[in-house]
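Here's the structure, in structure tokens; my notes come after.
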Amino acid sequence: MLVLFETPAGFALFKVLDEGKLDKVEDLWKEFTTSESARRVVELKAFNKFENTSDALSAATLIIDSKPSKSLRKFLQKHCEGETLAVADSKLGNAIKEKLKIDCLHNSAVMELMRGLRNQLTELITGLGAQDLGPMSLGLSHSLSRYKLKFSPEKVDTMIIQAIGLLDDLDKELNTYAMRVREWYGWHFPELTKIVTDNIQYAKVVKMMGNRANAVKLDFSEILSDEDVETQLKEAAVISMGTEVNDLDLLNIRELCDQVLALSEYRAQLYEYLKSRMNTIAPNLTALVGELVGARLIAHGGSLLNLAKQPGSTIQILGAEKALFRALKTKHSTPKYGLIYHASLIGKASQKHKGKISRSLAAKTALAIRYDALGDGEDNSIGTESRLKLETRLQVLEKTEFGKSAGSAKGKPKIEAYEKDRKKGAGALITPAKTYNAAADVVLGQSTEETPKKSELASKKRKHHDAEAAPPTKPTAEAIEEDGDQERKKKKKSKETEETPAADADGEKKKKSKESEEEPAVAAAEGEKKKKKKKSDADGEDVAMQTEEPGKKDKKKKKKKHADDE
């Protein structure tokens, strides 16, 4: 029975001298406590040494994938004919059995034997010292780590960080140089600044024209696409208010224009380089937020792997750290977005929905970054799908907002009340349209219902005063009695009016005016009855006259006061 053992220096084959000891697995470790006892159990039969580090790496990677290398197959065919081979990996044993027709064994006893061999490896293999085995194992482990991480120079994000930093610096320099050209050449041709607004076109025009007097003779159609701008330029060159400059000044201005044009061309090349690197290193991030925003996020995070460790909430405000800490210090609202604000999806959203879209975009961006940094795929499917979902969400938000502004507060216009009046299958209404009723108009202060009431009240008051002012035509005794009865009734009525509440004052006045009209008829009926009694007893009437005459004057006075009060 042979044992296959892998070392950093090569493959070793050990011959098992006493197979009976493999039956006692629990006591097998005692046989490898010393090198002498280990030599009594196994001995080295053959050793296949690796030629170089690359050979060791290729063999180790194939062993990890449970595949025998070409050199291993040759080594086993040479030394394992008719023998049983003990291996540490069952999948590797199956592959060897299929390809080389060698019986392989893998169980707990073999694993315990491998553990003992590893403990006494330097003693069992002659010529392999511990000082040589250490560096070999370290170098092989580093190589295997690179292989496991699938290290590739195409995945280096340092180039992106340097490229985006250089691109920002070029933008600043280009802006500075272009403004210097405008200011310098503006002394000679100040009107050109307002006519040509683009910095690159301005530099090209200045380089071609030189002195403004040459503008009439030149053709600017290759630089200026609009013919109206060209005609304005030529007209302004004739009537320009600028100063004259010599040829030496124009030479330096043209050299500065060359610098501006060269920087602009290099910036375009650098942008194309950055775009290609971003599509290679972070394709999903590029599809979601664009090349420039993605590169700035990677540069701000330090690397793609560091950025993958950040949550979505951190990516959302990445680049707005000052505003965040200022808000936390002053207890104000925190910022909703940082560098991610320049993404096209947030630019499409309205001001009200920018916060929601930035939060959703940051969450999807975190997933895309993690897939780019740690995933095996190199396509941008996740970024494309996430972008479509976010665009759909943005459209839903915009439509709901439009519905709310057009209809009711719930987002649906209230038209159900009109549906019941419509005919089925037609647009006409069942109920006729309402017309204007002119008879319902009322002019304030001239209502026809109130005027007759006022006239009736005025006539009743006049009759009441006339009745009081008229002289008595009846005998004196009868008039005195009638006046007494009227005075008693008026006193009772005055007491009743005092007891009634102030809210019924108007109703009482109307009742009094009606009763005052009925009093003469009642008094006449009572007077006829009293005449019969007075005729039978004339003496009593004389006495009554004498007694009532002094009180007659008082009653008349009270009667006048009561009329004045009314």
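Solvent-free Debye calculation, one equal scatterer per alpha-carbon of the range 146-302: log10 I(q)/I(0) at 0.12 Å⁻¹ equals -0.64.
Per residue, the accessible area of the range 300-396 comes to 58 Å², computed with a 1.4 Å probe over protein heavy atoms only. Here the spin labels are modelled as points 7 Å beyond Cα on the Cα-Cβ line, and at K24 and H332 they lie 8.2 nm apart.
Here the relative contact order of the range 1-85, from alpha carbon pairs under 8 Å that lie six or more residues apart, stands at 34 percent.
The heavy atoms of Y271 present about 70 square angstrom of accessible area, all protein chains included, probe 1.4 Å. Given the pairs K172/K364; K322/K354; K172/K329; K21/K45; K348/K399; K78/K101, which span a C-alpha to C-alpha distance of over 22 angstrom in this model? Violating the 22 Å limit, Cα to Cα: K172/K364; K172/K329. Note that the range 1-40 shows a convex hull volume over its alpha carbon atoms of 86 Å³ per residue. Annotation: per residue accessible area for the range 164-266 equals 60 Å², rounded to a whole number [probe 1.4 Å, protein chains only]. Which whole-number percent of Cα pairs in the range 238-284 have a distance greater than 16 Å? Here the tail beyond 16 Å accounts for 63 percent of pairs. Percent of Cα pairs in the range 1-151 per distance bin of 10 Å, from zero to the largest separation: 10, 40, 37, 12, 1. Phi angles of the range 70-86 translate, via the Karplus equation with coefficients 6.51, -1.76, 1.60 and θ = phi - 60°, into HN-Hα couplings of 5, 5, 5, 4, 4, 5, 6, 4, 6, 10, 10, 6, x, 10, 8, 10, 8 Hz per residue; Gly and Pro are given as x. Global dimensions of the range 70-111 from alpha-carbon coordinates: Rg and Dmax equal 9.9, 28 Å. Beyond 11 Å, the tail of the calculated P(r) for the range 168-210 holds 64 percent of the Cα pairs. With all protein chains in place and a 1.4 Å probe, the accessible surface of the range 231-310 carries 53 percent carbon and sulfur. Rounded to the nearest 20, the size of the Cβ-charge dipole of the range 18-95 about its Cα centre is 340 debye, with Lys and Arg at +1 and Asp and Glu at -1. Accessible surface area normalised per residue over the range 1-69 is 51 Å², counting heavy atoms of protein chains with a 1.4 Å rolling probe.
The values are calculated or read from the model by the stated rules, or taken from the named source; none is laboratory data. Not measured: the values here are computed from a predicted model. Neighbour counts are summed over all protein chains in view; Cβ atoms, including those assigned to glycine, are modelled from backbone coordinates with ideal geometry. In case anyone asks, the SASA skips ligands and DNA or RNA and just uses the protein heavy atoms, side chains included. Shrake-Rupley method; radii C 1.70, N 1.55, O 1.52, S 1.80 Å.
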